[in-house]
Structure formats: C-alpha cells, structure tokens
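Written below as structure tokens is the structure these notes are about.
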Amino acid sequence: MRGPRPAAVRGGAALLTGLAAVSALTALTGCSGDDSPSSVASKAASAAQSVGAQATAAASSLASEASEAFSSATAEVGRKLDGIEGGVDAKGDVKLGTPTADGDRSAVEVTVENSVDSTKSFAVEVDFKDSGGKLLDSVLVTVTDVPAGKTAKAIARSHRALSGEVKAEAARAVRY
C-alpha cells in the first residue's frame with residue numbers, strides 16, 4: 001500500500017511498538033542488577049504510561065483529522081449555496097421526513113414546493129443532528145426543474161455512518 005497510513009493504523013502501530021517496549025523492558029530488567037519486584041513494576045508502569053500517552057496522542061490526531069474533514073465538508077455546502085446566482089430563500093417551501101437508516105448511513109426525504117409561477121430548482125442544506133442538537137453531518141441536496149405550483153422529492157443521505165437518535169433539519173434552502 002502506498003501513501004500515508006490512516007491515523008488508526010498509525011495509532012495501532014504506536015500501541016504495538018509500546019507493548020514491545022514493555023516486553024523488552026521486562027526481559028531486560030531480569031538481567032540487570034536491580035531486579036527487585038518493585039523496580040520491575042516501576043519500570044513497567046513507566047513504559048505503560050508512555051504507551052498510554054502515545055495512544056492518546058494517536059486518538060487525538062484521528063479526532064482532529066475527522067473534525068477538519070467535517071468542517072471542510074460543512075464549509076463546502078455553504079460555499080455551494082452562497083454561489084447560486086439569483087437564488088432566493090426558500091426554507092419555507094421545504095419539508096423533511098423522519099430520518100431512517102439507509103445501509104450504514106442516515107437518510108431523510110426532502111420535499112420541496114415550487115410556489116412561484118415558473119419552473120425552478122432548489123438547493124437544500126440538510127443538517128443531521130443528535131438528540132442534544134449537536135451537528136453530526138451536513139449535506140446538500142438539489143431538486144431540479146420543479147414545475148410551477150408542483151412539489152418534488154429527493155433523498156438526503158449522510159456522508160458517513162451516524163449513531164444514536166438522528167434528527168434532520170433544513171438549515172438553508174435556495175430556490176433558483
């Protein structure tokens with residue numbers, strides 16, 4: 001495999017390296033002049049603490065990378081909505097169904113109503129949130145060429161697996 005390894009692989013490698021160090025330290029202390037049980041335990045505890053610090057750093061790095069990717073995706077949704085020329089706020093013309101499981105992701109039906117007298121398209125930012133209101137994912141769904149006075153439907157799917165109770169909210173909607 002070429003390219004950088006995922007953070008989870010790097011974290012696992014750090015943990016295995018640390019465990020190997022503990023094993024080596026335990027073996028070496030048997031050959032040293034100070035091989036009392038308390039000395040061996042102290043050295044092993046110190047090595048285990050080091051392994052724990054490496055594992056914590058790896059987990060923190062992984063969480064940081066995930067947070068950066070999520071922030072980037074959310075910002076991209078905002079940029080796309082902001083880039084629509086001639087769009088008007090249409091949040092009142094959007095209704096969402098109840099989120100459901102769609103394989104390993106969450107999905108929600110999006111219904112838009114074209115309340116004007118010409119064919120229009122819609123771009124809707126759907127935010128998936130947990131029961132406490134924390135943002136879990138943000139996606140952009142488009143519904144194109146909705147005839148005047150008609151409704152149309154689309155499905156918004158989360159980018160990744162979401163766990164627990166998931167709620168959906170139409171954060172922004174633009175008719176153009």
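Heavy atoms of the protein chains alone define the surface here; on that basis the range 84-176 has 53 Å² accessible area per residue at 1.4 Å probe size. Over all projection directions, the Cα-based convex hull of the range 118-158 averages an area of 3.3 nm².
When the Kirkwood radius is taken over all Cα pairs of the range 76-127, what Stokes-Einstein diffusion coefficient follows at 25 °C and 0.890 mPa s, in µm²/s? Estimated via Stokes-Einstein, D reaches 191 µm²/s.
Phi angles across the range 148-159 convert, under the Karplus curve 6.51 cos²θ - 1.76 cosθ + 1.60 with θ = phi - 60°, into 3J(HN,Hα) values of 3, x, 10, 10, 8, 10, 8, 10, 9, 10, 5, 6 Hz, Gly and Pro given as x.
For the range 72-167, the Kirkwood hydrodynamic radius from C-alpha pairs, put into Stokes-Einstein at 10 °C and a viscosity of 1.306 mPa s, yields a diffusion coefficient of 113 µm² per second.
Taking all protein chains as they are arranged and a probe of 1.4 Å, the heavy atoms of residue 140 leave approximately 60 Å² accessible to solvent. Grab the beta carbon distance between residue 119 and residue 155, set R0 = 22 Å, and tell me the FRET efficiency rounded to 0.05. Calculated transfer efficiency: 0.55. Near the amide H of residue 137, within less than 5 Å, lie the amide hydrogens of 128, all on another chain or at least 5 residues away, with H placed in the peptide plane. Here the Karplus relation 6.51 cos²θ - 1.76 cosθ + 1.60, evaluated at θ = phi - 60°, turns the backbone of the range 99-106 into coupling constants of x, 10, 7, 10, x, 9, 10, 9 Hz, with x for every Gly and Pro. Percent of accessible area on the range 75-176 owned by carbon and sulfur, 1.4 Å probe? Carbon and sulfur together cover 44 percent of it.
Taken over the C-alpha atoms, the range 99-141 has Rg and Dmax values of 13.4, 40 angstrom.
The values are calculated or read from the model by the stated rules, or taken from the named source; none is laboratory data. What you see is a predicted model; the values in this text were computed from it and never measured. Please note: Cβ atoms are built from the backbone with ideal geometry, for glycine as well, and neighbour counts cover all protein chains shown. Each accessible area value is taken on the protein alone, full model and side chains, heavy atoms only, with ligands, DNA and RNA left out. Shrake-Rupley method; radii C 1.70, N 1.55, O 1.52, S 1.80 Å.
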